[in-house]
């Protein structure tokens with residue numbers, strides 16, 4: 001398949017697919033006229049790359065572990081070097097820290113939204129029509 005079809009099937013812009021190729025993450029065949037020719041397996045490979053990037057892994061780490069990915073959600077490293085294991089441990093720990101931070105942020109936002117909605121319901125019950133205003137500490141800074 002050509003790059004446009006792979007782009008459409010994966011929801012990945014062609015520019016990004018070319019970048020993945022530059023980084024050595026994706027290796028298409030070339031037709032006699034120079035066009036990229038992707039096999040069916042490329043669809044899964046691009047989705048794996050996207051998932052790994054979305055999880056926060058840099059392309060240099062993805063390039064290391066990509067050959068070890070046999071199935072989505074499965075990493076199988078035969079004869080992994082100590083450096084590869086150390087890299088994966090660092091990346092796992094970094095992901096865990098980001099997840100913890102995201103959970104704290106999500107919980108703070110949820111608490112704020114719940115309190116604003118509760119106040120709006122209380123105001124509506126009383127017949128008040130003034131919309132709830134954000135606290136001063138959350139107001140956008142003056143330009």
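Taking the stated definitions as given, is residue 96 closer than 23 Å to residue 24 by Cβ, assigned to a helix (DSSP H, G or I) and at pLDDT 65 or above? Against the criterion (closer than 23 Å to residue 24 by Cβ, assigned to a helix (DSSP H, G or I) and at pLDDT 65 or above), residue 96 does not qualify.
Looking at region 38-61, is at least one residue surrounded by fewer than 11 Cβ atoms within 10 Å (Cβ to Cβ), farther than 28 Å from residue 11 by Cα and at pLDDT below 90? No - not one qualifying residue is present in region 38-61.
Applying a threshold of 7 Å to beta carbon distances and a minimum spacing of six or more residues, or different chains, the list of pairs starting in region 102-120 at a residue that is in the same structural domain as residue 55 (by TED's automatic domain parsing) and without any contact (Cβ under 8 Å) to a residue 40 or more places away in the chain and ending at one that is part of a helix (DSSP H, G or I) and exposed (fewer than 10 other Cβ atoms within 10 Å of the Cβ) is empty. Take the residues in region 62-83 that are at pLDDT below 80 and surrounded by 15 or more Cβ atoms within 10 Å (Cβ to Cβ), then tell me which one is farthest from residue 9 (Cα to Cα). Selected residue: 80. Outside the structural domain of residue 102 (by TED's automatic domain parsing) and within 17 Å of the chain's Cα centre (by Cα): is that true of residue 27 in this structure? The answer is no for residue 27.
The values are calculated or read from the model by the stated rules, or taken from the named source; none is laboratory data. All figures in this text were calculated on a predicted structure; none of them were measured in a lab. So basically every Cβ, Gly included, is an ideal-geometry build from the backbone, and we count neighbours across all protein chains shown.
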